[in-house]
Amino acid sequence: MPLLDVKNLKVYFPAKHGAFSRARDFVKAVDDVSFTIAPGETLGLVGESGCGKTTLGRAIVRLVELTAGSILFEGENLAQLNGATLRARRRNVQMIFQDPYGSLNPRMTVADIIAEALDIHGLVDTQSARQKQIAELLQAVGLDAAYAQRYPHEFSGGQRQRVSIARALALHATIILADEPTSGLDTRTARHILTLFRNIAH
């Protein structure tokens, strides 16, 4: 059984022709996409800017609604889940967003950003256990544990991306969707990020 099996996925957005008009057309952000990912496999999607890669990722984690199709994760259709059941399954499907600064709450410290999912899913019982998890995750992505009390604006783009990766790793997800994780980074930082992904995969 594939780990992830996306079948005929479509995401259409209504296109209005004026402030007070009704939608008469649709923007086909994702149109009839199918693919499978086996356990231990890495799949790369290549396409020009605006072709729908980001929307596809967001649809898989159900941040945007599907127009049609199915998303089978370990045989279960995520497209049919809602509420607590969907939140529980999302624990195993995490996403690293293209813009790390835009996806990190500027009012939260790095510690709270990384541990938010741990808190939601009740995975740490004590404050000391929480701090230990945060320190281990920061070190795993090549950041000093002392950075935990800093805010996103105090980091470079590459460091913020590492924080995003640490957040995605916090729940030990079965599959991680990375949306252009090296976009906008300098060559040296991008190389470090790719090396990190390779180490995670192994």
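Tabulated data
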read-out	value
³J(HN,Hα) computed for each position of the stretch 159-175 - Karplus, 6.51 cos²θ - 1.76 cosθ + 1.60, integer Hz, glycine/proline x	5, 5, 5, 5, 4, 4, 5, 4, 4, 5, 7, 4, 9, 6, 4, 6, 9
Among (1) 0.99; (2) 0.93; (3) 1.10, the entry that matches Rg/Rh (Cα atoms, Kirkwood Rh) as calculated here	(1)
Solvent-accessible area per residue, Å², over the chain with all protein chains present [probe radius 1.4 Å]	57 Å²
Cα shape, the stretch 46-124, gyration tensor, a/c 1.5 rule	oblate
Pairwise label distance in nanometres, ARG150 with GLU136, each label 7 Å out on the Cα-Cβ vector	2.3 nm
Electrostatic dipole magnitude of the stretch 1-150 [Cβ: Lys, Arg +1; Asp, Glu -1; Cα centre; debye, to 20]	520 debye
Computed over the stretch 135-202: relative contact order in percent, which uses C-alpha pairs under 8 Å that are six or more apart	29 percent
Surface share of carbon and sulfur [accessible, 1.4 angstrom probe, percent] for the chain	48 percent
GNM flexibility winner over the chain from GLN133, GLN80, GLN159 (Cα, springs under 10 Å)	GLN80
For the stretch 60-191: relative contact order, % (alpha-carbon pairs under 8 angstrom, 6 or more apart)	33 percent
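The values are calculated or read from the model by the stated rules, or taken from the named source; none is laboratory data. Keep in mind the model is a prediction, meaning the values are calculated, not measured. Neighbour counts run over all protein chains shown; Cβ positions are idealised from the backbone, glycine included. The accessibility values were calculated without ligands, DNA or RNA, using every heavy atom of the protein model including side chains. Shrake-Rupley method; radii C 1.70, N 1.55, O 1.52, S 1.80 Å.
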